[in-house]
Amino acid sequence: MRQIKAQAVCGFGVGSSTLLKMKLEQAFKANQIDASVFAGDVGTAASTECDVIFTSEELAETLKNRAKVPVIVIKSFVNKVEIEEKAMAFVKEFEKGGDV
Amino acid sequence: MLKESHIMITHETLNADQALERIGMLLYEVGSVSKKYINNMIDSYHSLGAYFVIAPGVALAHAKPDSSVIKNDIVLMVCKTPVIFNSHNDPVTLVFGLCATSGEHHMDKIVDMANLLDNQQLIEKIKNANDIQEIENLLTQA
């Protein structure tokens with residue numbers, strides 16, 4: 001399987017997205033998933049190349065209409081269980097090569 | 001992680017805009033932003049919503065990196081009367097204020113904060129703390 005490119009998105013790509021990026025990296029690493037995670041802002045996220053977008057509920061609605069990749073909502077950026085479950089559910093679909 | 005000058009406790013009843021104004025003023029008072037940044041934070045809340053309320057009871061308020069930011073910084077306000085931001089993570093007791101000069105620079109303080117937020121027990125202690133010194137001590141132990 002090739003490396004997964006995941007984008008963590010917040011309003012400007014500096015605050016909460018950086019935090020989410022770190023949490024996603026931890027989640028992928030803990031499950032031995034080859035993934036690169038980067039932080040992005042809501043303005044450019046939809047047109048930035050990646051396999052999946054992780055973001056908050058508030059920003060997801062706008063992104064879902066514009067992004068070509070799955071947009072996954074994370075309710076709590078500090079809840080390891082939630083982040084890991086949602087990240088791994090995506091990985092499962094990604095491995096199948098199907099639409100998520 | 002945070003010095004006394006970067007921490008405040010308030011008992012006031014604040015709405016979302018007022019809370020953002022307070023946390024913005026704190027960033028201004030420690031010399032990390034110009035006053036324009038405070039308005040930018042409030043404007044971005046109005047245009048993008050409460051996405052920065054990143055965990056139950058915890059907000060990470062910030063605006064876009066631009067010329068109104070003097071240096072990277074983080075401040076903390078503990079709201080004894082929790083604030084409603086219109087988020088599924090309301091009501092909010094801990095409001096962090098963040099400013100960054102650019103999105104490119106790695107911020108060590110964000111790493112510290114991420115580790116801090118992992119520690120639910122510590123978060124509870126900070127929420128219940130009654131003076132700034134106590135919070136500073138809790139953050140130093142973290």
*Could you pull out the residue among B:92, B:78, B:69 that is in contact with a helix residue (DSSP H, G or I) (Cβ under 7 Å, 6 or more places away or on another chain), buried (at least 22 other Cβ atoms within 10 Å of the Cβ) and more than 9 Å from every other protein chain (Cβ to nearest Cβ)?*
B:69
_Candidates A:57, A:85 - the one that is without any contact (Cβ under 8 Å) to a residue 40 or more places away in the chain and at the interface with chain B (Cβ under 9 Å from one of its Cβ atoms)_ = A:57
*region B:126-141, subset surrounded by 15 or more Cβ atoms within 10 Å (Cβ to Cβ) and farther than 14 Å from residue B:80 by Cβ, residue modelled with the lowest pLDDT*: B:139
*Specify which of the listed residues (A:65, A:31) is in contact (Cβ under 8 Å) with a residue 60 or more places away in the chain, more than 10 Å from chain B (Cβ to nearest Cβ) and surrounded by fewer than 16 Cβ atoms within 10 Å (Cβ to Cβ).*
A:31
*Please work out which one of (1) touching a strand residue (DSSP E or B) at 6+ places or on another chain (Cβ under 7 Å); (2) over 13 Å from residue B:2 (Cβ atoms); (3) buried (at least 18 other Cβ atoms within 10 Å of the Cβ) is the condition residue B:98 fails and give its number.*
(2)
*Quick one: which helices (runs of 4 or more DSSP H) sit completely within chain A and have at least 1 residues that are under 10 Å from the mean Cα position of the chain (by Cα) and modelled with pLDDT under 95?*
A:16-30
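The values are calculated or read from the model by the stated rules, or taken from the named source; none is laboratory data. All values derive from a computational prediction rather than experimental measurement. Note that we place each Cβ from the backbone using ideal geometry, even for glycine, and neighbour counts take in every protein chain shown.
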